Amino acid sequence: MRVYLESLGCRLNYAEMAALGRKLAAAGHHLAESAAEADVCVVNSCAVTGEAARQSRQLARQLARANPAAKLVVTGCYATLEGEAVAALPNVELVVGNTHKEDLLALLEGQMAGSPPDGPPATFDLQPVIALQNGRTRAFVKAQDGCRNHCTFCIVTVARGEERSRPPHEVVAEVNALHREGYQEAVITGVHLGGYGADLGSSLRELVSALLAGTRIPRLRLSSLEPFDLAADFFELWQLAPDRLMPHLHLPAQSGSDAILRRMARRNRTAGFEALVEAARARIPGLTVTTDLIVGFPGETEAHFAETVAFARRNRFAHMHIFSYSARAGTAAARFAGQVPAEERRRRARILHELDAELGRDVRAGFVGQVRPVLWEQPADAPAAAGAVTWAGLTDNYLRVLAAAPAGADLHNRITATRLVGLQGDALAGEPVWTSHLEEQDT
């Protein structure tokens, strides 16, 4: 069976996709590089915003046009929330939600054999998948699913259900398997990763300790962590293995106004968030902090928005994921009074995007002159001198770096000490310290 796998949305989706891609390959199936080559096309959908739902529909239609003969399976959060609408899309044979994820391989095999597993005839509740991309250097590893929080804007709790954590030994085993495959970095993900282990009598701190003790992968990175899940002593973990636990934290704030945070039913407040960031920076050298912010939440006044702008400046975020509020049916906020007009939401988003560019430049500039480890990913579409190729990679603290290397040198999937010598667009310009050694290896 030739399967083409696509994904939209969060890192957790990619972690699930990669895991199922490996299962398909281990079962002897071929992961197609394009929809045109496939017997089955699988779309892992997203529904975090109305725009994400629209993109999910659009992607499904594009794949149906690319290969009308292929069976189309749509899965993920949009498929869970709007199964009937998904089933009406062209070429869709199966609609796959989020509840019974481990059965998707059997479902795909049964569908191709003409005998799908017992269950509803049109809609199944299974796991989304994505193809393993050739040359990937970072692997996304799912440790947890579901969320017990009830933020008034969020539909993901409805789509993902109750919290479930994977036992630590399973996560350790997967990271070790990925390291054997050649991956240099594992990104640990979850819907509510900071709540890991509540259902197991464990904790995220115990999981990270187990990963540091039980694996030898050079780089471990934590995905999004809710700030209210973390105590200041959590950052002591970085002292156990400062070279392996990456100095980057993504802490979703969602707003810089306490009044709006209360309307969102968030458990974080601005003062506590800032104290947490200060504690993290004091314990983790070279730390960068990124965040999520929503603009135009119902009831957000110009004064509330100004508080968010000032909050972002004070916290010196390396990057902000900025979302214009999108009312999602089934959430409490969709029924709130004080809905902000769309044009005003777009205006506020533009202001924050401009601030994001400014703050990002300032953060990157602060690292110019340092030498940091960079995991090189692939050649970049950027100018280079004759006889050279520009490579793109990520520092340990999640900053994009561009560097010129001789055309014959292969930096892919290598970690090199790299001197950061200046700014280059939205990235840093770097000079690998061991360039001469790399040239020797490739001659």
I want the local charge near Val141. Using Cβ-Cβ distances under 13 Å, sum +1 for each Lys or Arg and -1 for each Asp or Glu among the other residues.
+2
Considering only protein heavy atoms, what per residue accessible area in square angstrom results for the chain with a 1.4 angstrom probe?
42 Å²
From largest accessible area down, sort Arg263, Arg372; use a 1.4 Å probe on the protein chains.
Arg263, Arg372
Leaving out ligands, DNA and RNA, what percent of the accessible area of the chain is carbon and sulfur, probe 1.4 Å?
52 percent
Test of understanding: what is the full-extension gain from Phe336 to Ala357, defined as 0.36 nm times their sequence separation minus their Cα-Cα distance?
4.4 nm
Under 5 Å, built H, 5+ apart or other chain: amide partners of Val191
Gln144, Asp145, Gly146
How do 406-415, 338-347 rank on mean C-beta neighbours within 10 Å, highest first?
406-415, 338-347
Binning at 10 Å from 0, report for region 1-67 what percent of all alpha-carbon pair distances ends up in each bin.
22, 47, 28, 3
Local electrostatic count at Arg221 - Lys and Arg +1, Asp and Glu -1, tallied over other residues with Cβ under 11 Å
+2
Counting Lys and Arg as +1 and Asp and Glu as -1, each charge on the Cβ, what is the dipole of the chain about the Cα centre in debye, to the nearest 20?
740 debye
If a cysteine in the chain has no other Cys Cβ under 4.7 Å from its own Cβ, put it on the list, ordered by number.
Cys10, Cys41, Cys46, Cys77, Cys147
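The values are calculated or read from the model by the stated rules, or taken from the named source; none is laboratory data. Everything numeric in this text was worked out from a predicted model, so none of it was measured. Don't worry about glycine lacking a Cβ; one is built from the backbone with ideal geometry, like all the others, and counts go over all protein chains shown. Each accessible area value is taken on the protein alone, full model and side chains, heavy atoms only, with ligands, DNA and RNA left out. Shrake-Rupley method; radii C 1.70, N 1.55, O 1.52, S 1.80 Å.
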